[in-house]
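Contents: one structure, followed by commentary.
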There are 2 protein chains.
Amino acid sequence: MLELSSNQWQLIYNTFSFGLISMLACTVYTLVSQSRVLPKYRNALVLSSMVTFIAGYHYIRIFDSFKGSSDGFKVMTTGAGSFNEAYRYVDWLLTVPLLLVEVVAVLALAKAASSSLITRLVPAAAAMIALGYPGEVSADDGTKILFGVLSTIPFLYILYVLFVELGKSLERQPEGVAATISRLRLLLIATWGVYPISYLFPLLNITGTDSFMYRQVGYTIADVLAKCVFGLTIMKIARMKSAAEGMADSH
Amino acid sequence: MLELSSNQWQLIYNTFSFGLISMLACTVYTLVSQSRVLPKYRNALVLSSMVTFIAGYHYIRIFDSFKGSSDGFKVMTTGAGSFNEAYRYVDWLLTVPLLLVEVVAVLALAKAASSSLITRLVPAAAAMIALGYPGEVSADDGTKILFGVLSTIPFLYILYVLFVELGKSLERQPEGVAATISRLRLLLIATWGVYPISYLFPLLNITGTDSFMYRQVGYTIADVLAKCVFGLTIMKIARMKSAAEGMADSH
């Protein structure tokens, strides 16, 4: 049992609700805005809708799980009926590879170039998430460090692909688009940076209720940035490219 | 525990239900009416749908929270399982910036002019809401006044941008549109005026169950005016502008 203060409990509760509705509103927005970009960019928008739809589902579950595992402001974190942290990992296992496919899709590269990027990014993203989970749930520092390091290897490989391989194709993008894609990569890295920071709290001696609160609030804000703000940036890029390719500006 | 009379309790309960379905009905209406305006005005309509969708979600939660925190006509306002007032602030944090983007979107200004307005209005709106919350939840009059004043600063800045900056672009709008946009601004200010009035009840010695009832009913009516009536006015403006630009009237 984790005895939160009433402020800690309410902050987490309201942050989950904020994450939930942000994901759902973003899903509807990107779904109904398809016609504002050229057909070749619509798949990137649909992928963004899928990411926020999957995340919206998981936030409904996380919200209910938090409520269901609470007795007053006490939260059960182990045993039957405890708060289910694993929803996040199931979510990331699905959404993180999709987010990377979304970036490749909005570039609208030649088929061979885009297949080559996807076949390298997707397995690396899945490996990164799968290797992070044993570290998160372990109470042993050695195991945490081991899986933290293992999960960093595919992360570095993803950075290499995004900055070196994908960087080459940025030169051929219309004016303004390359700069926005660079900002998108930075957003991705800045938000992904939040996940291991929360993961390392026990190692930094931030423990107990503080660690739990910072982790839940930090993960949720990072998710909203990495999925909603990310998706809206993808939409902006798709609209810039559509306009550069002669689509009449529909605002 | 707040011991409401049965009339007070039922008025609040039914007002929440009224707010809930007004938001959802408005969401569906603006979503399915897209084709009645020119493509360049559709984003303003979609933004209105998003505002009422987000608000509809929060009214479902507020309604359930009111029911769940009631024992007969007694409402728990502090402690575990109490009525969650914070849903409103999470709602406003998302919807108030979106409402301002909606006004800018329906003007269909040149890209630079509209970006400039949005980058000033959105952070000001977020600051206004975020600074209002500590005052609302504080039981101390000094803190209430402090955050009331702090939150008024970005509010005045928003008024300046809406009346002085945005006023300039009204001259270039077709006949009738400028007058409707002026009415829209007045609607926005009149409804926003309700929020601080309720906020100041404790300072005006309106306390206990009366304060709670006026606040809940006042906020809900203000929300319906500022989101549903506002969204329908945005739609009217979009239709007037579409007609002025030669769209065949489809009624």
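Here are a few things to note about the model shown:
- Legend: residues B:S17, A:S138, sorted from most to least accessible area (1.4 Å probe; ligands, DNA and RNA excluded), read B:S17, A:S138.
- Teacher prompt: B:D141 distances to equivalent labels in other copies, 7 Å Cα→Cβ, nm: 5.3
- A crude spin-label estimate for the pair B:A178 and B:A244, with each label 7 Å from Cα along the Cβ direction, gives 0.9 nm.
- Estimated D of the range A:2-244 in µm² per second, where Rh is the Kirkwood radius over Cα pairs and Stokes-Einstein applies at 37 °C, 0.692 mPa s: 174 µm²/s
- Accessible surface ranking for B:Y214, B:Y87, B:Y157, 1.4 angstrom probe, highest first: B:Y214, B:Y157, B:Y87.
- Computed from label points 7 Å out along Cα-Cβ, the spacing between A:L156 and A:D141 is 2.3 nm.
- Residue ranking by accessible heavy-atom surface, 1.4 Å probe, largest first, among A:Y13, B:Y219 comes out as A:Y13, B:Y219.
- Accessible surface of B:I60 - all protein chains present, 1.4 Å probe, nearest 10 Å²: 70 Å²
- Divided by 2.2 N^0.38 Å, where N counts the residues, the Cα radius of gyration of the protein assembly as shown comes to 1.03.
- The 3J(HN,Hα) values that the Karplus relation (6.51, -1.76, 1.60; θ = phi - 60°) gives for the range B:122-137 are, in residue order, 5, x, 5, 5, 5, 5, 4, 5, 4, 7, x, 4, x, x, 5, 7 Hz. Gly and Pro appear as x.
- Per-residue HN-Hα couplings for the range A:214-219 [Karplus 6.51, -1.76, 1.60; θ = phi - 60°; Hz; x = Gly/Pro]: 4, 5, 5, 5, x, 4
- Degrees separating the helix A:42-68 axis from the principal Cα axis of chain A, which is the longest one: 10 degrees
- Equivalent ellipsoid, the range B:115-251 (semi-axes from 5 times Cα gyration tensor eigenvalues, Å): 34, 18, 10
- Those trypsin sites (Lys or Arg not before Pro) in the range A:138-182 that DSSP places in a loop and that have at most 14 other beta carbons within 10 Å: A:R172
- For the range B:94-111, putting each phi into the Karplus relation 6.51 cos²θ - 1.76 cosθ + 1.60 with θ = phi - 60° gives couplings of 8, 7, 5, x, 4, 4, 6, 5, 4, 4, 5, 5, 6, 6, 6, 6, 4, 3 Hz, in residue order, rounded to whole numbers and with x for Gly and Pro.
- Cα-centre dipole for the range B:115-177 with unit charges at Cβ (Lys and Arg positive, Asp and Glu negative), debye to 20: 200 debye
- Under 5 Å, built H, 5+ apart or other chain: amide partners of A:L2: A:V75, A:M76, A:T77
- Label-point distances for B:A110 to the equivalent site in the other copies, using a point 7 angstrom along Cα→C-beta, read 3.9 nm when ranked shortest first.
- Rounded tilt (10° steps) of A:141-160 against the dominant C-alpha axis of chain A: 10 degrees
- Length added when fully stretched, A:E171-A:R120, from 0.36 nm per residue minus Cα-Cα: 16.3 nm
- The range A:205-251 and the range B:131-169: distance between their alpha carbon centers, rounded to Å: 27 Å
- Fluctuation leader among A:G132, A:G142, A:G56 - chain A, Gaussian network, Cα springs under 10 angstrom: A:G142
- Across the accessible surface of chain B, with the other protein chains kept in place and a 1.4 Å probe, carbon and sulfur atoms take up 66 percent.
- Using C-alpha pairs under 8 Å with a sequence gap of at least 6, the mean separation divided by the residue count of the range A:2-244 gives a relative contact order of 26 percent.
- Sorted from closest to farthest, the other copies place their A:L186 label points 4.5 nm away, with each point set 7 Å from Cα along Cα→Cβ.
- In this structure B:T152 has an accessible area near 60 Å², from a 1.4 Å probe over the protein heavy atoms.
- When the surface is traced with a 1.4 Å probe over the full set of protein chains, B:W92 keeps roughly 10 Å² accessible.
- Relative contact order of the range A:80-158, defined on C-alpha pairs under 8 angstrom at six or more residues apart (%): 28 percent
- Restraint check, A:K40/B:K40; A:K111/A:K236; A:K227/B:K227; A:K67/B:K236; B:K111/B:K144, Cα-Cα greater than 32 Å: A:K67/B:K236; B:K111/B:K144
- Angle in degrees between helix B:230-244 and the longest Cα principal axis of chain B, rounded to the nearest 10: 10 degrees
- Sum of -39500 (n - 2.57) over DSSP H runs of 4+, divided by residues of chain B (222 nm, nearest 500): -25000 deg cm²/dmol
- With pairing defined as another cysteine C-beta under 4.7 Å, none of the cysteines of the protein assembly as shown fails it.
- Here the calculated FRET efficiency for B:Q10 and A:D64, from their Cβ-Cβ distance with R0 = 30 Å, stands at 0.60, rounded to the nearest 0.05.
- Computed label-point distance, nm, for sites B:L186 and B:A25 using a 7 Å Cα→Cβ extension: 2.6 nm
The values are calculated or read from the model by the stated rules, or taken from the named source; none is laboratory data. As the structure is a prediction and not an experimental result, all values here were calculated from the model. For neighbour counting, all protein chains shown are included, and Cβ atoms are generated from backbone atoms with ideal geometry for every residue, glycine included. These area figures cover heavy atoms from the full protein model, side chains too; ligands, DNA and RNA do not enter into them. Shrake-Rupley method; radii C 1.70, N 1.55, O 1.52, S 1.80 Å.
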